[in-house]
1. How far is it, in nm, from the label point at His230 to the one at His176 when both lie 7 Å from their Cα along the line to the Cβ?
2. At 0.36 nm per residue, minus the direct Cα-Cα distance, what do Ala218 and Arg279 gain on full extension? Give it in nm, one decimal, please.
3. Counting pairs of alpha carbon atoms under 8 Å apart in space and at least six apart in sequence, what relative contact order in percent does the stretch 90-185 give?
4. Taking a virtual spin label 7 Å from the Cα of Thr118 along the C-beta vector, which residues in the stretch 258-277 bring their backbone nitrogen under 13 Å of it?
5. Modelled label-to-label distance, Arg160 and Glu256, 7 Å Cα→beta-carbon offset: nm?
6. May I ask you to derive the relative contact order of the stretch 126-265, considering only C-alpha pairs under 8 Å and at least 6 residues apart, and to give it as an integer percent?
7. Please grab the % of Cα pairs in the stretch 159-208 that end up more than 13 Å from each other.
Amino acid sequence: MFVRACETFGHCFAAAPRSRAATTVLAMAMSAAVAACEGHSQPQAPGQGAAPTSTAQEAGADATRVPGLAPPASVTGDASAAEPAAPVPEPPSAASRRLFNGTNLDGWKVFVPGDEDTSSLFVARDGVLICEGRPIGYIATTEQFESFELELEWRFDPERGAGNSGVLLRVADEDHVWPRSIEAQLHSGNAGDIWNIGEVPMQVDPDRTEGRRTRKMAESSERPLGEWNHYRIVLDGGALELHVNGVLQNTAEACEVRPGRVALQSEGAFIEFRNITLRPLPGTR
């Protein structure tokens, strides 16, 4: 009887006109009916029973399965499948630190010889450290560093023309113009030169050295006036590297290893600095 009913249902299903949605519903109903027919038409051995699966539950699960699509989260039980997890941003390097906070001169000290007013010589404004260029002097960190990777950006004002400045490394404790240090030159067109101030022990290329100056290795890699330039200075133990806008411009070896401050020169020209960061290094080179 059940088999005949299933066969009759199948003939009706095949003959009846239907929409795509109706076809899906009828197909699911027919599958459930066939399963029920087969269950009744096959005798069961004593003590054996059909699995306690509800036909309605099976039909409901089938109803959510659409060819080409994965089952929704409510069927699979995986709530995370409905909404993909947002990407987790990489944390900033814990070893790197900002020397200039962008808002004030905390952690820095201005020096000029004599009793000249320094209140407007270096000013923090909108994330930029502005140097007017006069009087002559410098601004130095209050903290000392020995081995580090120092990065910063600088630019000159095209309306005021090219200028001169420098980044002083391992500055000695006594303040005067200019203190004993290694200078990474910022003079327009010569960024990447090394200047030895105070006869700091170091080994440089003699073919590129005249007096205290060691010329950069390549043509100028500076950008046009008014555009930001990037300095990457690596001073690790006795090894020094100067990178200007990604170009390695100078190196030195056997530099005297001792702690000192980092300073930025006020040397007669308007100049701006920003994004001044320092990452300590082990000092093994």
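All of the numbers you see were taken from the coordinates with simple rules; none came from a lab. Predicted model, so just to flag it, every value in this text is computed and none were measured. No Cβ is skipped: glycine too gets one built from the backbone with ideal geometry, and neighbour counts run over all protein chains shown.
1. For His230 paired with His176, the spin-label model returns 3.9 nm.
2. On the way: separation 61, 0.36 × 61 = 21.96 nm, distance 2.62 nm.
Computed gain between Ala218 and Arg279 is 19.3 nm.
3. Numbers: 104 pairs, mean separation 21.6, N = 96.
It rounds to 22 percent for the stretch 90-185.
4. 263-266
5. Between Arg160 and Glu256, the simple spin-label model gives 3.2 nm.
6. Values: 310 pairs, mean separation 46.8, N = 140.
Relative contact order of the stretch 126-265: 33 percent.
7. Details: 754 of 1225 pairs.
The proportion of pairs with Cα distances above 13 Å equals 62 percent.
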